[in-house]
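The values are calculated or read from the model by the stated rules, or taken from the named source; none is laboratory data. These figures come from a predicted structure and were not determined experimentally. Neighbour counts run over all protein chains shown; Cβ positions are idealised from the backbone, glycine included.
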Amino acid sequence: MKKVFVLLLAPLQIAVASEANYDEAKVPDYVLPEIMTFESGEQVESIDDWKQRRSELLALFSAHVYGEVPKLAEETRLQSRVTREVAGFLDGKAVLKEVDLTFPEESGGPAIQMLVISPSGGGGAPAFLGYNFRGNHTIHSDPRITLSEAWMRPDKEGRVVGNRSMEKSRGTSANRWPVEKIIDRGFALVVMYYGDIDPDFDDGFENGVHRVFGQPEEAQWGSIGAWAWGLRRALDYLEEEDGVDAARVAVFGHSRLGKTSLWAGAQDERFALVISNNSGCGGAALSRRAFGETVKRINTNFPHWFNDRFPSYDDDLDALPVDQHQLIALMAPRPVYVASATEDEWADPRGEFLAAKLGSEAWALYGKRGLEAGKMPPPNQSIGDSVGYHLREGKHDVTDFDWECYLDFAERHLQ
Ligand code: GTR
């Protein structure tokens, strides 16, 4: 069904692309849905009220944006098996483990490879958990990390890199993963390859975890929902892992995987801290601003990311019952960090800032301070208390500067 939709719209995509707005003066007038008002019109007045409103908002995001998780998936726990353990990783500073997360064989589910790098000396360390885009072997060049054999996204030239015949792809994403710095600061790093959970293309949901849980119905999950589910299953495993303190796990993601970390953090309050790096539309950016990437554009280009109801708001954002400041609020009272980049206009930095700022209302209820700045900070300045924010100079990416901010923020809140 979805495939047909894309094919029919394909000739229109060019027109949609040329319409992307980057002019602040052309942002439409909009009224955001309230965080602290129940659908019934009643006001949230206490933390108990907020817990109920939180459930209401979570259900709205499930039903209209990311998709409901099938009941069977909610009940499913994966099996885990440590397949490799290297005690003297990083010149003895760290322990590296490879762990397979698997479904029962008869389910036909994918095998998910997790890489756990934790500081030597035992004791559970606080950790960053996140997906990579091209396989665990791309985050560090050490040849002991197993090369991924899973589906890989083609690069800009349409070449598929990162499979077993491509030894040279080892470490090619290392610039986004400062493993040594993370270990030196006393944190563990846990990564998985997002394609293991659900290959990122519109195949009518025939592979990945959707194969196990069946064709999604209209309101049910797409790929972002499935990836978020995978992060939650990784956290199940971390509850058993000696090198990590599962009560102090920061879930991290960049871009589409930042949308994913936000959705995982919203659904699962076991995540102690949530980080969104340049997540943009469907992530931290306010949908109603329609600045850069719009809801219509994202649903057209990536029909498999959200549920099949989200596109019904493409041309009528006023009717969308939620907006992304409410997603940020769902993290309260846990700390959350939103980061933008100056040249990443497609992701609407101002819309990301505003969602973080407006979402901060939920922390006030707990007597905590979120993001109080009246206007956007200058580039390369980290601000905020329980809600952190920065606008990094440069393009859509994850850099050392971003990590410095996340490490400082996590140190402040988790150590
Ligand atoms: C873009 C997409 C963005 C963002 C990005 C990424 O093509 O429009 O929403 O998710 O991909 O994930 O790299």
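Per-residue answers, yes or no, for (1) surrounded by fewer than 24 Cβ atoms within 10 Å (Cβ to Cβ); (2) not in a loop (DSSP other than H, G, I, E, B):
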position: MET114; (1), (2): no, yes
position: PRO126; (1), (2): yes, yes
position: TYR131; (1), (2): no, yes
position: SER141; (1), (2): yes, no
position: ARG144; (1), (2): yes, no
position: LEU147; (1), (2): yes, no
position: MET152; (1), (2): yes, no
Of all residues in the stretch 235-281, count the ones that are more than 13 Å from TYR131 (Cβ to Cβ), among the charged types (D, E, K, R), within 14 Å of the chain's Cα centre (by Cα) and part of a helix (DSSP H, G or I).
0
Residue under question is LEU327, and the condition is that it be assigned to a helix (DSSP H, G or I) and closer than 13 Å to ILE275 by Cα; does it hold?
yes
Which residue pairs have Cβ atoms under 8 Å apart, sit 6 or more places apart or on different chains, and have a first residue in the stretch 199-218 that is over 19 Å from GLU106 (Cβ atoms) and at pLDDT 90 or above and a second that is in a loop (DSSP other than H, G, I, E, B) and among the hydroxyl-bearing types (Ser, Thr, Tyr)?
none
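For every residue, the table says whether it meets (1) within 27 Å of PHE409 (Cα to Cα); (2) surrounded by fewer than 24 Cβ atoms within 10 Å (Cβ to Cβ); (3) touching a Cys at 6+ places or on another chain (Cβ under 9 Å).
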{"site": "GLY186", "(1), (2), (3)": "yes, yes, no"}
{"site": "VAL191", "(1), (2), (3)": "yes, no, no"}
{"site": "ALA219", "(1), (2), (3)": "no, yes, no"}
{"site": "ALA226", "(1), (2), (3)": "no, no, no"}
Out of TYR313, TYR406, I need the residue that is under 30 Å from VAL244 (Cα atoms) and either modelled with pLDDT of 95 or more or away from the ligand (no atom under 16 Å from the Cβ) (or both). Which one?
TYR406
Considering residues of the stretch 387-413 that are of a type in the set (Ser, Thr, Tyr) and not in a loop (DSSP other than H, G, I, E, B) only, the residue nearest to THR172 (Cα to Cα):
TYR406
From the residues in the stretch 245-257 that are surrounded by fewer than 24 Cβ atoms within 10 Å (Cβ to Cβ) and of a type in the set (Gly, Ala, Ser), which one is farthest from the ligand (Cβ to nearest atom)?
ALA247
Which one of these is on the phi < 0 side of the Ramachandran plot, in contact with a helix residue (DSSP H, G or I) (Cβ under 9 Å, 6 or more places away or on another chain), modelled with pLDDT under 95 and not in a strand (DSSP E or B): GLY351, GLY374?
GLY374
Any residue that is surrounded by 20 or more Cβ atoms within 10 Å (Cβ to Cβ), part of a helix (DSSP H, G or I), in contact with a helix residue (DSSP H, G or I) (Cβ under 7 Å, 6 or more places away or on another chain) and of a type in the set (A, V, I, L, M) - is there at least one of those in the stretch 168-181?
no
Cβ pairs under 6 Å, 6+ apart or interchain, first in the stretch 296-323 and closer than 19 Å to GLU19 by Cβ and in a loop (DSSP other than H, G, I, E, B), second within 15 Å of the ligand (Cβ to nearest atom) and modelled with pLDDT of 95 or more, ordered by first then second residue, are ASP314/VAL295; ASP314/LYS296; ASP314/ASN299
Could you pull out the residue among THR260, THR300 that is within 14 Å of the ligand (Cβ to nearest atom), farther than 28 Å from PRO379 by Cβ and at pLDDT 95 or above?
THR300
Of these, GLY158, GLY253, GLY186, which one is small (Gly, Ala, Ser) and either in contact with an Asp or Glu (Cβ under 6 Å, 6 or more places away or on another chain) or closer than 26 Å to THR76 by Cβ (or both)?
GLY253
Just to be sure, is ALA284 within 16 Å of the ligand (Cβ to nearest atom), in a loop (DSSP other than H, G, I, E, B) and of a type in the set (A, V, I, L, M, F, W, C)?
yes
(1) surrounded by fewer than 16 Cβ atoms within 10 Å (Cβ to Cβ); (2) closer than 28 Å to HIS64 by Cβ; (3) away from the ligand (no atom under 16 Å from the Cβ) all hold for GLN381 apart from (2)
